[in-house]
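First the structure, in the form of structure tokens, and then the observations on it.
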Amino acid sequence: MFTSSCASLMFRPVCRFYLFAPVLVLLFFSAFSACSPAQSTGERAIAPPDTLPFVFASEPAVELDPAEAANKARETEAALEASAAPGLVLSMYATEDLIQDPVAIDVANTGEMLVTRSSRTMGLLDIRQHPDWRLDALAMKTTHDFEAFMREVMAPELSDENGWIPDLNEDGSRDWRDLTVVKERLYRIEDTDGDGVADQAHTVVAGFNTLVSDILGGLLVHEEDIYLSAAPGVYRLEDVLGNAAPDASDVTTLSWGYNVHPGFSGHGVSGITVGPEGRIYWGVGDMGLSLVSQEGESIHYPQEGAILRAFPDGSRLELFARGLRNTHEFAFDAHGNLISVDNDGDHPNESERLVYLVEGSDSGWRTHWQFGKYHEETNNPYKPWMDEGLYLPHFEGQAAFITPPIMNYHDGPTGIVYNPGTALNEAWNGRFFMSEYTGSAFTSDIHAFRLAPRGAGFELAEEDVAVKSVLGVGLAFGPDGALYFADWIDGWRTKGAGRVWKLDAAEPDEAVRSEVRAQLAADFGEVEAEALYDLLHSPDMRVRQKAQFELARRGDAETFLRAVRQTETAYARIHGVWGIWQLALRDVEQAAPLVALLEDADPEMRAQAAKVLGDVRYAAAGEALAPLLADDSDRVRFFAAEALGRIAYHPALDGLVTMLAEAGGEDVYLRHAGSLALGRLGDAEALMALTGHASEAVRTGAVLALRRMQHEGVSAFLADADEFVVTEAARAINDDGGIPEALPSLAALLDVTSFENESLLRRAISANLRVGGDADAGRLAAYAARADAPAAMRAEAIAALGVWAEPSTLDRVDGAYLGPVHRAGTAAQEAVAPLAEILLADEEAAVREAAAGAVARLHIDGAGAHLADRLRMDDSEEVRAAALQALLDIPEADHAGAVRQALADESADVRMLALELVTETDLSNDEVASVLGEALHQGSVPEQQSALTTLSALPSPQTTEVLGELLDRLENGEAALEIHLDILEAVEAAGSDALKTRVEAWRAANPPFAAALYGGNRRRGVRIFLENSAGECTRCHRLNGEDGVGPSLLGIGSLLDRMQLLESLVDPAARIAPGFGAEGGPSAMPDMSVLLSEREIRDLVEFMASIRGSGRTGGDG
């Protein structure tokens, strides 16, 4: 075992991987206790439990007849449409008989393959299936919070209410204990006869079945060690590749505290890899993290994904990058650049993002931009991620606090690897390979792309499809030069089936392959330093790294420096620098020779040296690093700036300012490095003094630095003459919980600003609500009355006043959880009362609508008469509807009169609202029945539907009589098709047992969902298509004529009749659009009947039927 961080970057020779002896032991943290992380001093991160969530398993191996396995592989290949690019050959390495539901994959240097399997019932705890958990989820901060919540909502005594939980332990109770039954597994896959097809699978570990366990999504085989990740932890199985009987002493928990709340399934911990300096890197999705390092430092980001790194023993854990949604995997290239593709948020017109991840970066994503305030009555639908374009590549005016993507990229990224240099063939060298996961093999490919430098960052230089029509997950290059990848086959859920494929060159360079394979398998522990020096020149990055790690183990600085000083092989120089990096992480003085490299003729060497000197915090390099801020190479300037910040070299402040001014904000990486460095210098007074600097880019950099410092001095930039700088300062003060001390200054900005951009004004309005003083309420009211201000922002100010006494627990701009607030509404009442009549008569309908809701919420005296006027005479149906709702919220108002007025309204929407609200009046039951009966006989279809909805909430003999008559009409074929579903649901809700029996008979005699063919609401259908988080229609389908994961829906209403549209929703495999699957085969689209209600399906059918115009021919997908 490693016992100290000083030994943690020393690596051992590779041993052969032996089959584990049968053993079944519950693992305790005997190994962990020697370096147990400190407990948090607050209420955030907590230490891991005393027992591990998995066991070394003794399950029987799966053993296939090698010849039969090979035949099955060839037969399966022939039956599928999977194909490889010219010059490459695709073959099946493991069939469904051997591997099931594979996720991550890795291949040891000696050729042994390991694959993780997920057996989880995907979606069981997915937040999309539990919308009532949303606010609870956003309030959770630690894994402990998550577990406590699960135990509460899935307690055994609630079994009858939790029918959605499968009784997996068969104890007759549906509760949290059922979530601890299904296990994840790690398999070793073996080809015993060397014919290229695996025929044995051995279980290595099984478990990860605690209440808060997630998918076993991360796997790294590194020398003799295996690293695994399944939230809430990351684990190291030390020396197990050469250990026939591993036990508890072989296991260390590197980090614990991931997945602090329910979220989208599959957003846990994954992507474990080893960095160029020997640290272990891994990622977590946006189910968040709250950790305590072994050194006692808290890392707390509960609402976003991140990349972290630590020494192999878990020591010196640190955050590397944040603001990610779900990267799954990432890869280092030959120059140590970390590249990934982050999944999008499933919003309309949004795309995944190709990202260059640099230390200290924030990519911008937060969980509360997925769900939260957008479903609250007391909040609004504004979403910075989309409305401010944070998901897009850099554009002028984009928020500066993020490091934006290189570009928007392909759907559903899962695995990503980098060609180590000798894999496949020369045409594919220098490329990243990314598996695209769309849920359907027919639309899922493996893309191979090459990047080219652009400033301090990158741009896409080249891209090709390496593999077509395979639903790839994890990827790994083997020592034989082939690319291996896991195949989920189809869909999103577990199915007890899976495959592993092999991609190789049709004509590989066998001589190079043989040499590399032998070198990777060899024991470098006995190799002379001279030979290791030669191996630093290898064309294969893995061989170079292996030689580097062995030299680092020996502490051989001289060989590294020899490699650095030669100029024939650039990669040998880079690995020489990285070797010094490893040594300097143990002893910082080892970094001293790299200072001379800061003057090297090769800009890449200057950049690498600067990166390492900063990373190890070699303070003595400050004076030599500072001139590099003016280097000709932007990449050098970037790493010099980051380095100067990490070593906190204060004399560099002026140079950093100059660099920012010269960059001008166009290079987002230079802006990031400069502002990050300024923040790490921590000189708030110097930063505030930059308010008078001539460069907008410098002032923006100062704002970003103060934001990182959480310093209230950022408010000084609210007086800036440049709207961009002021807006960025407002983001710093408000977002992510903000800087409370600066909120009053942001609130006061509303009095004086002439700027009108929504991003700024919303934050200023929110600040007034959060500060919550009398002056703040008066300020909002005064702004609402300003005719020269944007109408939407005036309406937002009024809405904020309306919820003054009890605002949403979520921020009105970014949706961050702020906690409950309860206060008197007096200040808002006094501010609004003098303006109520004026606001209700404003020229802008949005202002009048907001005012109607606010005066009712605030109980403004005399408002009833003004609202009645709006209901009677306003020319906006939205305002009339708001007035009706407001009148019914005022106890002393004439409710019956308001409903009668609304029932005579020219707008069907207003009349329908009146029918839905009629029971909230003081009308007698007979009067209510009369109103509903009139609507049922004479109203439009929507009015009849509203009347039936209201009727279903009024169980009574009279209701039963009316419903019986309607059911007669339905059975006799006399009822309008558009109200079939409404009649059925009304009877099911309020009818007698006899009527319900007749409904059951009708449903049994008609096709499923037959009542959902007609009568949907198109506008609601549009909202379901665009916004519903359960259906996620826009994840796959577009309306602009361009195919996405699924076919475009442009013209679908002209191509398919309603029955076919319905079928596409509830039986998607019945009709497959050309190019999106085989007829009769599986569909990537889920059955909407298990995700949406029958009413929602009806609304979707109505919307789809309305989509006319030119479209594709054939199936619907």
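The values are calculated or read from the model by the stated rules, or taken from the named source; none is laboratory data. These numbers come from a predicted model, not from an experiment. For neighbour counting, all protein chains shown are included, and Cβ atoms are generated from backbone atoms with ideal geometry for every residue, glycine included.
Worth a mention:
- Only residues that are farther than 14 Å from Gly412 by Cβ, assigned to a strand (DSSP E or B) and touching a Lys or Arg at 6+ places or on another chain (Cβ under 7 Å) were counted across segment 440-466, and they come to 6.
- Residue match in segment 773-793 (condition: part of a helix (DSSP H, G or I), surrounded by fewer than 24 Cβ atoms within 10 Å (Cβ to Cβ), of a type in the set (Lys, Arg) and at pLDDT 95 or above): yes
Listed here are the residues, each with its yes/no results for (1) of a type in the set (S, T, N, Q); (2) more than 19 Å from Asp199 (Cα to Cα); (3) at pLDDT below 95; (4) surrounded by fewer than 19 Cβ atoms within 10 Å (Cβ to Cβ).
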| position | (1), (2), (3), (4) |
| --- | --- |
| Pro53 | no, yes, yes, no |
| Phe56 | no, yes, yes, no |
| Ala70 | no, no, no, no |
| Glu81 | no, yes, yes, yes |
| Ala84 | no, yes, no, no |
| Gly87 | no, yes, no, yes |
| Ile105 | no, no, no, no |
| Ala108 | no, no, no, no |
| Thr116 | yes, no, no, no |
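- Within segment 994-1005, residues that are surrounded by 12 or more Cβ atoms within 10 Å (Cβ to Cβ) and assigned to a helix (DSSP H, G or I) have Cβ atoms under 7 Å from residues that are at pLDDT below 90 and hydroxyl-bearing (Ser, Thr, Tyr) in these pairs: Leu995/Thr960, counting only partners at least 6 apart in sequence or on another chain.
- Qualifying residue in segment 431-438 (condition: more than 22 Å from the chain's Cα centre (by Cα), under 27 Å from Met541 (Cβ atoms), in a strand (DSSP E or B) and modelled with pLDDT of 95 or more): no
- Glu1032 vs. criteria of a type in the set (D, E, K, R), modelled with pLDDT under 85 and within 44 Å of the chain's Cα centre (by Cα): yes
- Arg544, sole failed condition from (1) farther than 17 Å from Gly576 by Cβ; (2) of a type in the set (D, E, K, R); (3) part of a helix (DSSP H, G or I): (1)
- Close pairs (6 angstrom Cβ cut-off, 6 or more residues apart or separate chains): under 20 Å from Gln566 (Cβ atoms) in segment 581-607, of a type in the set (Asp, Glu) anywhere: Trp581/Glu277; Gln582/Glu277; Arg606/Asp600
- Filter result (under 19 Å from Ala732 (Cα atoms), over 31 Å from the mean Cα position of the chain (by Cα) and either part of a helix (DSSP H, G or I) or outside the structural domain of Val612 (by TED's automatic domain parsing) (or both)) within segment 661-691: Leu681, Ala684, Glu685, Ala686, Leu687, Met688, Ala689, Leu690, Thr691
- Check on Gly933, free of Cβ contacts under 8 Å to residues at least 12 places away in the same chain and either out of contact with any helix residue (DSSP H, G or I) (no Cβ under 9 Å at 6 or more places or on another chain) or more than 28 Å from His866 (Cα to Cα) (or both): no
- Among the residues making up segment 703-745, those that are closer than 14 Å to Phe755 by Cα and of a type in the set (A, V, I, L, M) are Leu718, Ala719, Ala721, Val725, Val726, Ala729, Ala730.
- Flag set for Leu308, criterion: in contact (Cβ under 8 Å) with a residue 40 or more places away in the chain, hydrophobic (A, V, I, L, M, F, W, C) and surrounded by 23 or more Cβ atoms within 10 Å (Cβ to Cβ).
- Residue check, Glu318 modelled with pLDDT of 95 or more, surrounded by 24 or more Cβ atoms within 10 Å (Cβ to Cβ) and under 26 Å from Tyr356 (Cβ atoms): no
Each row is one residue, and each column tells you yes or no for (1) outside any helix (DSSP H, G or I); (2) touching a residue at least 12 places away in the same chain (Cβ under 8 Å); (3) aliphatic (A, V, I, L, M).
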| site | (1), (2), (3) |
| --- | --- |
| Val910 | no, yes, yes |
| Glu916 | no, yes, no |
| Val928 | no, yes, yes |
| Leu948 | no, yes, yes |
| Ala953 | yes, yes, yes |
| Gly964 | no, yes, no |
| Asp968 | no, no, no |
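- The C-beta contact set for segment 287-305 (first residue crowded, with 24+ Cβ neighbours inside 10 Å, second residue in a loop (DSSP other than H, G, I, E, B) and β-branched (Val, Ile, Thr), distance under 7 angstrom, 6+ apart or interchain) comprises Met287/Val260; Gly288/Val260; Leu289/Val260; Ser290/Thr142; Ser290/Val260; Pro302/Val260; Gly305/Thr327.
- Filtering Thr959, Thr949 for residues that are under 19 Å from Asp1099 (Cβ atoms) and either at pLDDT below 85 or surrounded by fewer than 21 Cβ atoms within 10 Å (Cβ to Cβ) (or both) leaves a single hit, Thr949.
- Restricting Leu746, Leu760 to those that are farther than 21 Å from Gly802 by Cβ and buried (at least 21 other Cβ atoms within 10 Å of the Cβ) reduces the list to Leu760.
- Out of Thr203, Thr210, sole residue that is surrounded by fewer than 24 Cβ atoms within 10 Å (Cβ to Cβ) and in contact with a Pro (Cβ under 8 Å, 6 or more places away or on another chain): Thr210
- Unique residue being touching a Pro at 6+ places or on another chain (Cβ under 8 Å), under 29 Å from Pro393 (Cβ atoms) and among the β-branched types (Val, Ile, Thr) when the list is Val473, Val465, Val512: Val473
- Candidate set: segment 493-517, residues that are of a type in the set (A, V, I, L, M) and in contact (Cβ under 8 Å) with a residue 40 or more places away in the chain; chosen: the one surrounded by the fewest Cβ atoms within 10 Å (Cβ to Cβ): Ala506
- Of the residues making up segment 134-145, those that are surrounded by 19 or more Cβ atoms within 10 Å (Cβ to Cβ), of a type in the set (A, V, I, L, M, F, W, C) and in a helix (DSSP H, G or I) are Ala137, Leu138.
- Selection from segment 467-492 of residues that are in contact with a Lys or Arg (Cβ under 9 Å, 6 or more places away or on another chain), under 30 Å from Pro1086 (Cβ atoms) and surrounded by fewer than 23 Cβ atoms within 10 Å (Cβ to Cβ): Ile489
- A count restricted to segment 568-617 and to residues that are assigned to a helix (DSSP H, G or I) and within 13 Å of Phe639 (Cα to Cα) stands at 14.
- Residues that are out of contact with any Lys or Arg (no Cβ under 8 Å at 6 or more places or on another chain) and either farther than 19 Å from Gln370 by Cβ or not in a loop (DSSP other than H, G, I, E, B) (or both) within segment 381-392 comprise Pro384, Met386, Asp387, listed in sequence order.
- Unmet requirement for Ser633, which otherwise passes all of (1) surrounded by fewer than 22 Cβ atoms within 10 Å (Cβ to Cβ); (2) within 22 Å of Ala730 (Cβ to Cβ); (3) polar (S, T, N, Q); (4) in contact with a Lys or Arg (Cβ under 8 Å, 6 or more places away or on another chain): (2)
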